[in-house]
1. Apply 1/(1 + (r/R0)^6) to the Cβ-Cβ distance of residue 130 and residue 157, taking R0 = 45 Å, and write down the FRET efficiency to the nearest 0.05.
2. For 314, 305, write out the residues from largest to smallest accessible area, computed with a 1.4 angstrom probe and no ligands counted.
3. Hey, what do the phi angles of region 230-246 turn into as Karplus ³J(HN,Hα) couplings, whole Hz, using 6.51/-1.76/1.60 and θ = phi - 60°, x for Gly and Pro?
4. May I ask you to evaluate 6.51 cos²θ - 1.76 cosθ + 1.60, the Karplus curve with θ = phi - 60°, for each residue of region 118-125 and list the ³J(HN,Hα) values in order in whole Hz, giving x for glycine and proline?
5. Label-point separation (nm) for residue 62 and residue 329, each offset 7 Å from Cα along Cα-to-Cβ?
6. I'd like the Karplus ³J(HN,Hα) series for region 65-72: coefficients 6.51, -1.76, 1.60, θ = phi - 60°, whole numbers in Hz, and an x wherever there's a Gly or Pro.
7. Quick one: how many Å² of residue 360 are accessible to a 1.4 Å probe, rounded to 10?
8. At 1.4 Å probe size, with no ligands or nucleic acids counted, give the accessible surface of residue 223 in Å², nearest ten.
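The values are calculated or read from the model by the stated rules, or taken from the named source; none is laboratory data. Bear in mind the structure is a predicted one, so any value in this text is a computation, not a measurement. With ideal geometry, Cβ positions are generated from the backbone for all residues, glycine too; neighbour counts draw on all protein chains shown. Keep in mind that these areas ignore ligands, DNA and RNA; they rest on the heavy atoms of the full protein, side chains included. Shrake-Rupley method; radii C 1.70, N 1.55, O 1.52, S 1.80 Å.
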Amino acid sequence: MHTDNTDHTAHTDDFDPTGFFDSFSDSFSDSFGSSPFDPFEPLDGSGLFDEADRYRRRLWEDCLDAVRDAASRGWRPGDLRHLCGPQVEYFCFVAAGDLGVEVPWPMRELWLREVEPPTESRLSVPVLEDLRLALTRTQVHLGAAPTAPSGGRLSPAAEKIARRVRALLDKAASTNYPAEAESLTAAAHRLRRRHLIDSIDAAGAGGAGGSGSGRAGAEVAEVAEARVYLDSPWVRHQFLLLVNVAAAGSCRCVLVHRCGIVAVFGAPDDLDHVVDLFASLNRQRAHFMTTGPGAQAAAARKATSAYRRSFQVSYARHIGELLAEAEKQVTVEATVDGRDTAAALPVLADRARRAEEACSKAFPQTSTMSLSARDSAGYLDGWRAAERSRLGGDSAGVHGPHALPGGVSDGSSGSPRAA
């Protein structure tokens with residue numbers, strides 16, 4: 001699974017389009033010469049274009065036009081990379097500086113932020129043909145241009161809390177003792193929730209602390225959008241897991257393309273937590289699903305596919321229940337410690353409501369999907385695997401490399417939505 005960790009919370013520094021286009025032009029000059037939008041030379045070095053050269057140029061122009069059109073339908077550079085592979089990077093880079101007025105400025109700004117100079121410009125004819133074919137799948141709309149406000153930088157106090165939470169989760173991920181991992185995870189949840197409640201107490205319900213983000217100058221809970229990319233196979237089953245993790249984290253999500261592009265909405269710090277936690281649990285899902293004794297038994301009886309479907313449905317549902325129970329326990333502990341949860345809970349619930357509203361506004365027409373679970377062994381193993389998963393997350397890929405433990409002992413589900 002690939003997640004887009006480039007920019008979950010949006011930037012607060014002023015964006016200077018003029019400066020970008022200066023560096024954009026310099027990058028092209030350095031990489032492709034003085035004519036950035038025409039990187040062609042005759043393949044035989046003769047200086048004369050033959051029919052093969054003209055065909056290659058048509059392919060190049062078709063791909064560039066398709067990328068520009070995709071941007072007008074809400075596709076982002078990361079979306080196209082996920083759909084088409086790294087070979088589309090060159091066209092994204094070219095298109096970013098040449099998007100027309102049919103692409104709203106917020107989307108153009110996002111493109112300018114997300115593209116990077118490519119390492120290869122002279123793509124072969126077969127690669128260009130494959131890319132043109134892949135780009136035909138961008139005819140669907142992937143939502144409106146991003147409208148989320150840019151969040152303020154984390155305050156020093158909030159940044160300190162965030163570092164402490166990450167440290168606790170890293171320790172939970174690195175220990176081989178389940179009891180210790182659970183204790184550290186609970187401590188991280190308590191610390192994070194208590195910080196939110198303290199922020200609300202300090203500012204008053206609905207005030208600056210109501211965002212719970214610890215961001216200077218925020219008066220309401222701002223909502224941002226992050227992309228999560230799910231690799232096949234089992235895209236819909238991974239999405240079910242993400243739905244449950246997002247619901248527990250006051251976020252909402254929708255599968256916007258069947259190739260595995262998911263839009264997740266929520267407060268910026270909630271998004272950060274949800275994307276990180278999902279990445280961890282998704283790795284654990286794949287590990288437990290393929291290495292346990294039940295998986296070997298299913299292979300022996302030639303029922304691997306049914307086993308894995310049932311395993312993943314059970315795993316996703318039970319993870320959602322465990323996360324919801326963890327949130328309740330943290331709230332109870334905060335109340336015992338004297339925090340004013342009666343005043344804070346409505347403000348915290350408002351984060352989920354705003355995320356739901358933003359999701360519905362961006363994708364007003366969605367449909368639900370249902371996933372079946374008919375293999376009882378797979379369903380039971382999925383349930384047990386969820387019990388064993390580290391809800392604090394493993395730290396591979398986000399906060400440092402830690403391998404999943406080897407081997408598996410035998411021992412509030414949301415409704416997935418698709419655009």
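1. Given R0 = 45 Å and the Cβ-Cβ separation, E is 0.30.
2. Order by accessible area, largest first: 305, 314.
3. 9, 8, 6, x, 6, 4, 5, 6, 5, 5, 4, 4, 5, 4, 6, 5, 5
4. Per-residue couplings from phi come out as x, 9, 9, 10, 8, 7, 6, 4 Hz.
5. 5.8
6. 4, 5, 5, 4, 4, 4, 4, 5
7. Approximately 50 Å² of residue 360 is accessible to the 1.4 Å probe.
8. Using a 1.4 Å probe on the heavy atoms, I get roughly 30 Å².
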